[in-house]
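A short worksheet on the structure shown next.
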Amino acid sequence: MAQEFFTIGRHLSMERLRFPEATGEYTSLMSEIVLTAKIINREVNKAGLLDDITGYTGDINVQGEEVRKLDQYADDLFMHILKYSGHVCAMASEEAEDLVRGPTYVNTGKYVVMLDPLDGSSNIDANVSIGSIFAIHSRVTPTGEPGALEDFLQPGRDLIAAGYVLYGSSTIMVYTSGRGVHGFTLDPSAGTFILSHPNIQIPQECKIYSVNESYTRDWTEGVRRYVERCKCIGESDEHELDNPMSSRYIGSMVADFHRNLLYGGIFLYPGTVKKPNGKLRLLYEANPMAFLVEQAGGAASNGEIDILDIMPTELHGRVPLFMGNKDEVELIENYIKKYDLMEELIG
Ligand code: P6P
């Protein structure tokens, strides 16, 4: 139940009061992200009605993916609003090959922002929920200089905030600044996000597994055996379930993640023999989700170590991603350790 008009603005102001030395820059930056989310929500909601905002731009992004008009719109909007906020010295986006910097006067900005402006947008024509993902680091380069790559190549453990906006049956912003995970649902009539999910904690029981099973033949032995265990098929062992988990996979990570966060579940995007690092990007997909799920009592791993402990080496680096209930993530790591090593040894 939404707490009566406890808006995200009031939440951010109360957060600021915790830190007397706070300059208000972070609060102001978050307010700019909230504004951007409202505008993107408006465009996503009418996408099916207007030709000029659906379909493809004809460009190919740095990922080699066809760019949709809504992708470009969302990216342009985030860039414009954040670039001139005065708080961001540089940005990284799925849609931009290199760093994006603002005008010289914002070299004093304290933060860098990493964005997937509109994740899952290939689903928009089918009216499937899509999302925006953001993550915020404090810069490590001297204030006054242009933002630089090393401002982004920090482990997720050092993030100061991360979140997503899910444009679905209703639009919800879920974010953390390291003091719990909080969900705010947009009240379109009031034009503001209202606290609807305070202190989200992932349920103890893992009821759902989410993975694209069309890649089964390319998985390593450990991943394959874990998924078989979720389905109660294959060789039994001490981790055998009494009943299979439900399979839920919509191909839009923010939607899949949000459902599993609220209901209890495990999301897998494994590497394969051909693509050992999988598909999802560390800086603006895996890290923000890992920060959120750890704050909600869950875990996120690349199959060996916590996502948040990975030292990034490039803007668009990819990682295998297993995230959700902590016990399940640990079990996946054990299966990988046990069976993938065996596979390597015996070939
Ligand atoms: P696949 C969407 O393109 C995305 O980046 C994520 O939102 C989603 O989880 C994944 O890719 C889906 O990838 O290979 O299963 O279609």
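Restricting the first member to segment 243-262 and to residues that are open to solvent by 20 Å² or more (accessible area, probe 1.4 Å), and the second to residues that are within 8 Å of the ligand (Cβ to nearest atom) and acidic (Asp, Glu), the beta-carbon pairs closer than 9 Å and six or more apart or on different chains are Arg248/Asp256; Tyr249/Asp256; Ile250/Asp256. Filter segment 205-242 down to residues that are open to solvent by 40 Å² or more (accessible area, probe 1.4 Å) and closer than 15 Å to Asn260 by Cβ and give me whichever is nearest to the ligand (Cβ to nearest atom). Among those that are open to solvent by 40 Å² or more (accessible area, probe 1.4 Å) and closer than 15 Å to Asn260 by Cβ, it is Asn212. Looking at (1) more than 16 Å from the ligand (Cβ to nearest atom); (2) under 23 Å from Lys38 (Cβ atoms); (3) not polar (S, T, N, Q), which is the one condition that is false for Pro142? Every listed condition holds for Pro142 apart from (2). Residues in segment 110-130 that are more than 16 Å from the ligand (Cβ to nearest atom) and buried (at least 20 other Cβ atoms within 10 Å of the Cβ): Tyr111, Val112, Val113. The residue list Ala90, Ala161, Ala148 contains one member that is surrounded by fewer than 24 Cβ atoms within 10 Å (Cβ to Cβ), away from the ligand (no atom under 16 Å from the Cβ) and in contact (Cβ under 8 Å) with a residue 60 or more places away in the chain, which is Ala161. So, Ile133, is that one at pLDDT 95 or above and either away from the ligand (no atom under 16 Å from the Cβ) or in a helix (DSSP H, G or I) (or both) or not? The answer is no for Ile133.
Does any residue of segment 298-313 turn out to be charged (D, E, K, R), open to solvent by 60 Å² or more (accessible area, probe 1.4 Å), closer than 16 Å to Ile336 by Cα and not assigned by TED's automatic domain parsing to the domain that holds Asp98? The answer is yes; a qualifying residue exists.
Scanning segment 93-109 for residues that are in contact with a Phe, Trp or Tyr (Cβ under 8 Å, 6 or more places away or on another chain), buried (at least 18 other Cβ atoms within 10 Å of the Cβ) and not hydroxyl-bearing (Ser, Thr, Tyr) yields a count of 4. Within the span defined as segment 94-106, one or more residues are assigned to a loop (DSSP other than H, G, I, E, B), within 16 Å of the ligand (Cβ to nearest atom) and not hydrophobic (A, V, I, L, M, F, W, C).
The strands (runs of 3 or more DSSP E) found entirely in segment 144-244 that carry 3 or more residues being of a type outside the set (S, T, N, Q) and within 28 Å of Tyr111 (Cβ to Cβ) are 161-167, 171-176, 181-187, 192-197. Only residues that are more than 14 Å from the ligand (Cβ to nearest atom) and either in the same structural domain as Gly178 (by TED's automatic domain parsing) or surrounded by fewer than 20 Cβ atoms within 10 Å (Cβ to Cβ) (or both) were counted across segment 270-294, and they come to 2. Do we find that Gly265 is within 16 Å of the ligand (Cβ to nearest atom) and either modelled with pLDDT of 95 or more or open to solvent by 10 Å² or more (accessible area, probe 1.4 Å) (or both) in this structure? When the stated conditions are applied, Gly265 passes them.
The values are calculated or read from the model by the stated rules, or taken from the named source; none is laboratory data. This is a predicted model, so every value here is computed, not measured. So basically every Cβ, Gly included, is an ideal-geometry build from the backbone, and we count neighbours across all protein chains shown. These accessible areas exclude ligands, DNA and RNA; they are computed on the full protein's heavy atoms, side chains included. Shrake-Rupley method; radii C 1.70, N 1.55, O 1.52, S 1.80 Å.
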